[in-house]
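Every read-out reported here was derived from the displayed coordinates using simple, explicitly stated rules and does not represent laboratory data. This one's a predicted model, so the numbers in the text were calculated from it and none came from an experiment. Every residue, glycine among them, receives a Cβ derived from its backbone with ideal geometry; neighbour counts consider all protein chains shown.
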């Protein structure tokens, strides 16, 4: 057996590790000062803008956010509060925040945060139009897992030259006077997000024929719903966004809650979306494997056999439906990891899935280029 000594880390790797160590040391302080700022705001009754400690740290180091590797970005985004991360990236070049419904949200009776779905858009630098992925974080239709199923993937897509838009679709328990929203609000938000990005593709330097979706857990159900329920195109509408298709060009479904009304359905997601006693016809309509047709876009599925929250049967049924209807589909199943893995950085074997997805995504987008 030939023994080899470990190679010396590169200068850039040493630098990244140094920044990572410094970032870890600042996270606790950032959260503490953020709490003081919120308290001061409450006492003075004046709003305080969230403090961007990630941006402040980089200003001290005289570095742009884009100079950090995906490893360091992932570390920061996993540990910092969501509003701090969003604030930091909102000020960066090629990033912007747009409302899904700028002229008013249909079915919304209030104007609080949960009533106004947003798109957090991150544009890849390119001389030619790029693909775009709409990101639907999971959270059981009751919250958004914005860090490891949102911002981390936006950075990952950008590293591949792909633009993205995280969609904060409406939820149960947030907005609507505290009651939140069930179906059809999340579906309408997802459809409108896709239509908006397609209608404004030239403005965003995006290829309108390469706009796909990725969803995680309950966000996977929403991505699958968008892939099987397309908004009616109203060609004579005065609204230019309503005149374009909401059909995704591809979909990536990660440990998705893809079924409704079955023995392997995630009950919490179903209750939040459809209530305690849903109409059987509505259950059938939102049982996405049963809604797959030949018009369903090419699909990549990732799941683990160890997932006890959302059984792997969800992905198996969707994949079988794709095969039966002649839809191009690729599925990767792993033994380890449980649920809600995101990139699955620390799970041996399962951590291969992002690279498998990247290779599939490159093939899909290059084939349609």
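Figures for the structure shown
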| item | result |
| --- | --- |
| Rg/Rg_ref, the range 256-330, where Rg_ref = 2.2 N^0.38 Å and atoms are Cα | 1.11 |
| Extension reserve of the residue 279-residue 263 stretch, reckoned as 0.36 nm per residue once the Cα distance is removed | 4.1 nm |
| At R0 = 45 Å, FRET efficiency that the Cβ-Cβ distance of residue 142 and residue 355 yields, to 0.05 | 0.90 |
| Shape of the range 212-369, Cα gyration tensor, a/c cut at 1.5 | oblate |
| Inter-site label distance for residue 335 and residue 238 at 7 Å from Cα along Cβ, in nm | 6.3 nm |
| Fully extended contour minus Cα-Cα distance, from residue 309 to residue 348, at 0.36 nm per residue | 12.0 nm |
| Packing-based order for 339-349, 141-151, 103-113, using average beta carbon neighbours within 10 Å, highest first | 141-151, 339-349, 103-113 |
| Burial ranking of peptide ranges 354-364, 195-205, 158-168 (average Cβ count within 10 Å, highest at the top) | 158-168, 195-205, 354-364 |
| Computed lengthening from residue 200 to residue 328, 0.36 nm per intervening residue step minus Cα-Cα distance | 43.3 nm |
| Convex hull volume per residue for the range 94-367, taking Cα atoms only, in Å³ | 124 Å³ |
